[in-house]
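Visitor: Mind having a look at this structure? Questions to follow.
Bear in mind that the values in this text are calculations on the coordinates, not laboratory data. Keep in mind it's a predicted model, so treat the numbers as computed, not measured. All Cβ positions, even for glycine, are placed from backbone atoms using ideal geometry, and neighbour counts span all protein chains on display.
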Ligand code: DX5
Ligand code: ZN
């Protein structure tokens, strides 16, 4: 969401930087970057609630993607929230720049950030909502001590690095486990699931408890991103929860 670049970060506002849920978050990773404005507008018209932006550094994951410059460009193209997924080593070095570029939500990987309380506080101090991402093989228990400090959790359902991979089936149990844990512990965090989500599994993932559902290739591969986003957003409606 557009934030004046000169505006001072306001940590108290960071929690408001999350969407109403359930929410569809198209990932632009496989969008046509030559027609980015059209792709963004189409997904937005199809019912996107926010955009998921995948930042990769070629070290933490074997792929390179976008930096703050493109985030800032996308911020000018849409009024929707921007959810920046940092798949990078040493994320603390770049958080301020991504926040300044318009990131409403910023997640760092548990596997890449050894001092999570400091990193999460830095994200909050920069005015964005902090999240922690877990790879499919990283246990939920690794969140135990940081969960109360988070606005959201990002559960990966593929190994990060590329769009268009298949959902790893065992993650479904992990999704249900995180829902239970959040509900029982009274934590305020929402949670997002990312990777391999499409029309064939989005309802089950929602029913297992996910709040925000990321879909990349299911929206942007092929023609009609508006129709594809609309179909996915409609599938999220019947089981709506707060
Ligand atoms: C994977 C990224 C995902 C990916 C989702 O490393 O974090 O956000 O773009 O794309 P699909 O939906 O195609 O798996
Ligand atoms: Zn992602």
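Visitor: For the chain, modelled as a GNM with alpha-carbon contacts under 10 angstrom, which of 82, 93, 147 fluctuates the most?
Guide: Fluctuation is largest for 93.
Visitor: Could I ask something else about it? Assuming a viscosity of 1.002 mPa s and a temperature of 20 °C, what translational diffusion coefficient in µm² per second does Stokes-Einstein assign to region 128-188, Rh being the Kirkwood radius over Cα pairs?
Guide: In µm²/s, the coefficient is 174.
Visitor: So, in nm, how far is label residue 179 from label residue 73 when the simple model puts each one 7 Å beyond its Cα toward the Cβ?
Guide: Result: 3.8 nm between the two label points.
Visitor: Describe numerically, in nm with one decimal, the distance between label points set 7 Å from Cα along Cα→Cβ at residue 121 and at residue 93.
Guide: For the pair residue 121/residue 93, the computed spacing is 2.2 nm.
Visitor: In addition: Between the alpha-carbon centers of region 135-207 and region 14-75, tell me the distance in whole angstrom.
Guide: So the two Cα centres are separated by 19 Å.
Visitor: 222 nm [θ] for the chain, helices only, -39500 (n - 2.57) per DSSP H run of 4+, per residue, to 500?
Guide: The per-residue figure over the chain is -8500 deg cm²/dmol.
Visitor: Among 138-145, 167-174, how do they line up from the highest to the lowest mean number of other beta-carbon atoms within 10 Å?
Guide: Ranking the peptides 138-145, 167-174 by packing returns 167-174, 138-145.
Visitor: Quick one: give the max-minus-min coordinate of the C-alpha atoms of region 142-242 along each principal axis, largest first, in Å.
Guide: Projected onto the principal axes, the Cα atoms of region 142-242 cover 43, 31, 22 Å.
Visitor: Further question: Between residue 144 and residue 204, what length in nm is gained on full extension when 0.36 nm per residue of separation is reduced by their alpha carbon distance?
Guide: The span from residue 144 to residue 204 would gain 19.1 nm if fully extended.
Visitor: Same structure, new question: Please find, in a Gaussian network model of the chain (springs between Cα atoms separated by less than 10 Å), the residue of 208, 115, 85 whose mean-square fluctuation is greatest.
Guide: 115
Visitor: Given the C-alpha atoms of the chain, compute the convex hull and give its volume per residue in Å³.
Guide: Spread over its residues, the Cα hull of the chain gives 108 Å³ apiece.
Visitor: Contact order normalised by length for region 93-242, with contacts defined as Cα pairs under 8 Å and 6 or more residues apart; what percent is it?
Guide: Computed over region 93-242, the figure is 17 percent.
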